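First the structure, in the form of structure tokens, and then the observations on it.
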Amino acid sequence: MTDLLINIDHVATLRNARRESFPDPVQAARECLEGGAKGIVFHLREDRRHINDDDVRRLKADLDTKLDFELSISREIVGICCEIQPYLATLVPERREEITTEGGLDAIEHRMRIKETITRLKGEGVSNVALFLDPDLDQIDEAARLGATAIELHTGDYANALRDEKRVHILDRMKAAAERAHQNGLIVHAGHGLDTENYPLFGSSVPHLKEVSIGFAIVARAIFIGIRGAVEELNNIIASSPYTG
Ligand code: PXP
């Protein structure tokens, strides 16, 4: 089955909106794990708009689970990632003016900086490094050449496609990208904008899906049924969308 990892950034967004000490993202992470999540994802942004350095250190100290540390290629943040030693580092593009991550990395244009970052992470013991990419075959091939061990497919365009024909077209690109990654020996992850409504078609169409990372939909649903319930609900949907490995 595909593993569900929960991104807890938006618990910190809510806390920071009132400059309070609650809700605590670490406590939320613990409840996600009790609800069946297989790991926790967070993005330590350069502007620290949600998760901060203290959160990251407490996540590492308090939880015995897979941590997926999303980061840009900023040297400062890469240094913190090396200190934390997560199970996985996922490199993402980052622009201060964006509301959320808007697309995949351009691994071809930024190959030198990405290569340098992957080499540093691996050299300092972070052996699993994913690149967050749009479903573009050239980008997937470049990820393999640069030494990434996984790719995370950016599913934002799929999630935003309102018409079925557009969704099917994007899914064809996702399937081809997942196949190509698998042929290149890369592990396949996916995320961005996935939820209970759009997951079933995605999960039962795209092959080799080892992990999905879901955040906003879980935190939004948690307002009505609690975060543990929201994780259980999504896990049930994932379980009924068979993994095609
Ligand atoms: N994966 C990556 C690389 C992301 O940047 C995000 C958003 O922070 C997610 C997954 C989760 O997206 P969402 O919050 O829309 O579920």
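The values are calculated or read from the model by the stated rules, or taken from the named source; none is laboratory data. Please read these numbers as outputs of a predicted model, since none were measured by experiment. Please note: Cβ atoms are built from the backbone with ideal geometry, for glycine as well, and neighbour counts cover all protein chains shown.
Go through the residues of the range 231-240 one by one and say whether even a single one is among the acidic types (Asp, Glu) and within 13 Å of the ligand (Cβ to nearest atom).
Among the residues of the range 231-240, not one is among the acidic types (Asp, Glu) and within 13 Å of the ligand (Cβ to nearest atom), which makes the answer no.
Of (1) out of contact with any helix residue (DSSP H, G or I) (no Cβ under 9 Å at 6 or more places or on another chain); (2) within 15 Å of the ligand (Cβ to nearest atom); (3) in a helix (DSSP H, G or I), ARG221 satisfies all except one. Which?
(1) is the only condition that ARG221 fails.
Given the conditions (1) loosely packed, with under 15 Cβ neighbours inside 10 Å; (2) free of Cβ contacts under 8 Å to residues at least 40 places away in the same chain; (3) part of a loop (DSSP other than H, G, I, E, B), report the number of the one that ASP54 does not fulfil.
Failed condition: (3).
Residues to consider are GLU152, GLU179; find the one that is away from the ligand (no atom under 16 Å from the Cβ) and surrounded by 15 or more Cβ atoms within 10 Å (Cβ to Cβ). Reasoning before the result, please.
Details: GLU152 fails: away from the ligand (no atom under 16 Å from the Cβ).
Residue meeting the stated conditions: GLU179.
Does ARG19 count as part of a loop (DSSP other than H, G, I, E, B) and surrounded by fewer than 17 Cβ atoms within 10 Å (Cβ to Cβ)?
On the way: part of a loop (DSSP other than H, G, I, E, B): yes; surrounded by fewer than 17 Cβ atoms within 10 Å (Cβ to Cβ): yes.
Here the answer is yes, as ARG19 does meet what is asked.
Tally time: how many residues in the range 153-167 are closer than 15 Å to GLY203 by Cβ and either β-branched (Val, Ile, Thr) or within 11 Å of the chain's Cα centre (by Cα) (or both)?
Step one: filter the range 153-167 for residues closer than 15 Å to GLY203 by Cβ, giving 153, 155, 158-159, 167.
Add one more test, that the residue is either β-branched (Val, Ile, Thr) or within 11 Å of the chain's Cα centre (by Cα) (or both), and what stays is 153, 155.
Qualifying residue count, the range 153-167: 2.
Can you name the residue in the range 183-213 that is part of a helix (DSSP H, G or I), buried (at least 18 other Cβ atoms within 10 Å of the Cβ) and not polar (S, T, N, Q) and is also nearest to the ligand (Cβ to nearest atom) among such residues?
Step one: of the range 183-213, the residues part of a helix (DSSP H, G or I) are 183, 199-205.
Next, only the ones that are buried (at least 18 other Cβ atoms within 10 Å of the Cβ) stay: 199, 202-203, 205.
With not polar (S, T, N, Q) added as a condition, the list becomes 199, 202-203.
On the way: TYR199: 11, PHE202: 12, GLY203: 14 Å.
Filtering first and then ranking leaves TYR199.
Looking at GLU165, GLU94, which one is among the acidic types (Asp, Glu), loosely packed, with under 14 Cβ neighbours inside 10 Å and modelled with pLDDT under 95?
On the way: GLU94 fails: loosely packed, with under 14 Cβ neighbours inside 10 Å.
Of GLU165, GLU94, the one residue that is among the acidic types (Asp, Glu), loosely packed, with under 14 Cβ neighbours inside 10 Å and modelled with pLDDT under 95 is GLU165.
Listed here are the residues, each with its yes/no results for (1) away from the ligand (no atom under 13 Å from the Cβ); (2) surrounded by fewer than 14 Cβ atoms within 10 Å (Cβ to Cβ); (3) modelled with pLDDT under 95.
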| residue | (1), (2), (3) |
| --- | --- |
| ILE73 | yes, no, no |
| THR101 | no, no, yes |
| MET112 | yes, yes, no |
| ASP136 | yes, no, no |
| ASP141 | yes, no, no |
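Could you please let me know if ILE238 is assigned to a helix (DSSP H, G or I), touching a residue at least 12 places away in the same chain (Cβ under 8 Å), more than 15 Å from the chain's Cα centre (by Cα) and closer than 27 Å to LEU91 by Cβ?
yes
Of the residues ALA28, ALA37, ALA89, which single one is of a type in the set (Gly, Ala, Ser), assigned to a helix (DSSP H, G or I) and either at pLDDT 95 or above or within 18 Å of the chain's Cα centre (by Cα) (or both)? Let's see the steps before the verdict.
Working: ALA37 fails: assigned to a helix (DSSP H, G or I); ALA89 fails: assigned to a helix (DSSP H, G or I).
From the options ALA28, ALA37, ALA89, the qualifying one is ALA28.
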